[in-house]
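Participant: Next up is a structure, given as structure tokens.
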């Protein structure tokens, strides 16, 4: 069904709309030239390495939709449509800090998103206003932080997914920031539209930072909030020299370099400043540091599966379970796993993804009910 964007001043629910025109051929030529240069750098830095330079993500069947927030931002949802004979319950997967949707569906054979599609779900990979494909209302990077994304982007994305899928509830899977955004949404909006959730490596408590880290945090606090920090460009330049990554212990060779090239996003400094506040205060808090986000979820009804990688994370990772009511499950993967590995690890599809699939299958019926009545806005 074709849908049309609402005017940003409208008070109605955001409506899914078609993607804008694709980038010009000039951009494609520039990208190809840059890739050739990076390949040459890789061969020069690692002359004995006979692996392919970088694997590209499998994006052939992805569709791109957009949602509109109340303050006028338009951000992408990458959609894997339900397969024939699939029942089509909507599952949202939300990516981590400094990453993009490619980390959620990098390889069709082993990625969680494709696994869920094969299991009959409609899969929505949501992005936020910090995504490079997002469109700001005033054509600049904007001044925003975690609170803005949790309170504006997440509700708009949820409404758009439910409208598009015609289901009354959805299942949420959040990696890193994607899990923390779920907690922020629950504290602000409640759990009414979410039937179950999984969070992966989404801490809510933070260790005290060391002296060098404090110096970096101070430098970050002096950067204007609307300035973009070029994480994607830094990752791209680092890719040719990559031999191993502490957060990708189980992602090898060309795939790991491909993640740096195609799976990272530059970030607004306002968002990074709020992350710095979490580290300084020791807990997941609002922008002023006065409110513990997790405490705002108390007594809400939501089945929650929590996955984390090391024993040091257990207190912060499982803290939401003590406040929420409903079914729960905790999975510790161990120190042999990096933070990216539950999504991207070479064996994640055998060890982690079946546990996630089993969890959401148990709660699949809770997304059912009388379908929402979709409306098409013309003009």
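Participant: How many nm separate the modelled label positions at residue 70 and residue 295, each set 7 Å beyond the Cα in the direction of the Cβ?
Facilitator: So the two model labels end up 2.4 nm from each other.
Participant: For 109, 163, 295, 89, which order do you get if you count the other beta carbons within 10 Å of each Cβ and list the fewest first?
Facilitator: The order, fewest Cβ neighbours first, is 109, 295, 163, 89.
Participant: Once a ≥ b ≥ c are taken as the square roots of the eigenvalues of the Cα gyration tensor of segment 274-376, is the result rounded (a/c under 1.5), prolate (a/b larger than b/c) or oblate (a/b not larger than b/c)?
Facilitator: It is oblate, given that a/c is not under 1.5 and a/b is not larger than b/c.
Participant: Also, quick follow-up: So, by mean Cβ neighbours within 10 angstrom, what's the order for 182-188, 350-356 with the highest one leading?
Facilitator: 182-188, 350-356
Participant: While we're looking at this one, here's another question. Quick one: 278, 368, 73, fewest Cβ neighbours within 10 Å first, how do they rank?
Facilitator: Going from least to most buried by this count: 368, 278, 73.
Participant: Return, ordered by residue number, the residues of segment 143-186 whose backbone nitrogen is under 14 Å from a label point located 7 Å along Cα→Cβ of residue 329.
Facilitator: 172-173
Participant: Answer rounded, prolate or oblate for segment 61-367, using the Cα gyration tensor with square roots of eigenvalues a ≥ b ≥ c: rounded when a/c is under 1.5, else prolate when a/b is larger than b/c, else oblate.
Facilitator: Judged from the Cα gyration tensor, segment 61-367 comes out rounded (a/c under 1.5).
Participant: Continuing with the same structure: In nm, to one decimal, how far is the residue 189 label point from the residue 355 one, both placed 7 Å along Cα→Cβ?
Facilitator: Reported label-point gap for residue 189 and residue 355 is 2.8 nm.
Read-outs: derived from the displayed coordinates by stated rules, not from any lab. Keep in mind that this is a model prediction, so the values were computed, not measured. For neighbour counting, all protein chains shown are included, and Cβ atoms are generated from backbone atoms with ideal geometry for every residue, glycine included.
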